[in-house]
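The values are calculated or read from the model by the stated rules, or taken from the named source; none is laboratory data. Worth saying up front: this structure is predicted, and the values here are computed from it rather than measured. When we count neighbours, we look across all protein chains shown, and the Cβ atoms used for this are built from the backbone with ideal geometry, even at glycine. Each accessible area value is taken on the protein alone, full model and side chains, heavy atoms only, with ligands, DNA and RNA left out. Shrake-Rupley method; radii C 1.70, N 1.55, O 1.52, S 1.80 Å.
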Amino acid sequence: MAWQGLAAEFLQVPAVTRTYTAACVLTTAAVQLELLSPFQLYFNPHLVFRKFQVWRLVTNFLFFGPLGFSFFFNMLFVFRYCRMLEEGSFRGRTADFVFMFLFGGVLMTLLGLLGSLFFLGQALTVMLVYVWSRRNPRVRVNFFGLLTFQAPFLPWALMGFSLLLGNSILVDLLGIAVGHIYYFLEDVFPNQPGGKRLLLTPSFLKLLLDAREEDPNYLPLPEEQPGPLQQ
């Protein structure tokens, strides 16, 4: 019964958050069970473009390392801030949310080539946190009960935490940079004099993922109207 309740609760999570989180957990479980190897997942331009192992363009965003503190830490932030974005500023805009993932993923992959980065899931997490924090600047965040600060400082706190753990901050900086580019193009530049939206979600994504809007001028047929059908 507890398992059924947990499953029902998980199904209440928005679709993009649910899908991405599940993919990350299943990928890590497969590595833990030795069904997959990290060497089959990491981003390698030579293997992608010469050996056509194109799945690496996706799988490098799904693996956060073996089960341990780092994995659960990243999953906590992925689930929390991905969900808050999807239920907040992207509510009813699933296609736009997926397009943000695609934009961030492509840009991170291109920039990751310069830094020889093999796994970019953490950078994507930081991007999600950055976009949420800039769209909620007045929210105060409690960082594990240790510090309380305004939301825009959260990505920098995460970078500092990575530094304390002895990890490279290059991935965090990449996530912040890509998050800022997205935020600027989507939220800042369109509101400037002469500005306009440059990130336009493709129509096929909207058709595929977004619910159709009802035409306010549509008049239903008599048989579609409530009440007894008039002959």
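Structural remarks
- Residues in segment 140-156 that are open to solvent by less than 60 Å² (accessible area, probe 1.4 Å) and under 19 Å from the mean Cα position of the chain (by Cα): Ala151, Pro152, Leu154, Pro155.
- Every residue from segment 39-51 that is free of Cβ contacts under 8 Å to residues at least 40 places away in the same chain and either open to solvent by less than 60 Å² (accessible area, probe 1.4 Å) or among the polar types (S, T, N, Q) (or both): Gln40, Leu47, Val48
- Filtered residue count, segment 114-144, keeping only those that are in contact (Cβ under 8 Å) with a residue 24 or more places away in the chain and closer than 14 Å to Val171 by Cβ: 15
- Among (1) among the polar types (S, T, N, Q); (2) in a helix (DSSP H, G or I); (3) under 22 Å from Ile176 (Cβ atoms), the one test that Ser89 misses: (2)
- Among residues that are over 19 Å from Leu117 (Cα atoms), charged (D, E, K, R) and under 19 Å from the mean Cα position of the chain (by Cα), Arg18 is included.
- Residues that are over 21 Å from the mean Cα position of the chain (by Cα) and among the hydroxyl-bearing types (Ser, Thr, Tyr) within segment 37-77 comprise just one, Ser37.
- Selection count where residues are among the polar types (S, T, N, Q) and more than 28 Å from Leu208 (Cβ to Cβ), scope segment 96-124: 2
Yes or no, residue by residue, for (1) modelled with pLDDT under 85; (2) open to solvent by 90 Å² or more (accessible area, probe 1.4 Å); (3) among the charged types (D, E, K, R); (4) within 30 Å of the chain's Cα centre (by Cα):
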| residue | (1), (2), (3), (4) |
| --- | --- |
| Asp187 | no, no, yes, yes |
| Leu207 | no, yes, no, yes |
| Arg212 | yes, yes, yes, yes |
| Pro220 | yes, no, no, no |
| Gly227 | yes, no, no, no |
| Gln230 | yes, yes, no, no |
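- Matching entry among Thr19, Thr27 (being buried (at least 16 other Cβ atoms within 10 Å of the Cβ) and either closer than 14 Å to Phe71 by Cα or among the β-branched types (Val, Ile, Thr) (or both)): Thr27
- Note on segment 111-139: residues that are surrounded by 12 or more Cβ atoms within 10 Å (Cβ to Cβ) and not in a helix (DSSP H, G or I) total 6.
- Qualifying residues in segment 40-82 (those that are outside any loop (DSSP other than H, G, I, E, B), in contact with a helix residue (DSSP H, G or I) (Cβ under 7 Å, 6 or more places away or on another chain) and of a type in the set (A, V, I, L, M)) - the one nearest to Gly105 (Cα to Cα): Leu57
- Considering each residue of segment 194-202 in turn, none proves to be assigned to a helix (DSSP H, G or I), more than 28 Å from Phe153 (Cβ to Cβ) and open to solvent by 90 Å² or more (accessible area, probe 1.4 Å).
- Residue that is farthest from Gln122 (Cα to Cα) [pool: residues in segment 85-106 that are open to solvent by 60 Å² or more (accessible area, probe 1.4 Å) and not β-branched (Val, Ile, Thr)]: Gly92
- Search result, residues across segment 161-185 that are open to solvent by 20 Å² or more (accessible area, probe 1.4 Å), among the small types (Gly, Ala, Ser) and at pLDDT 90 or above: Ala177
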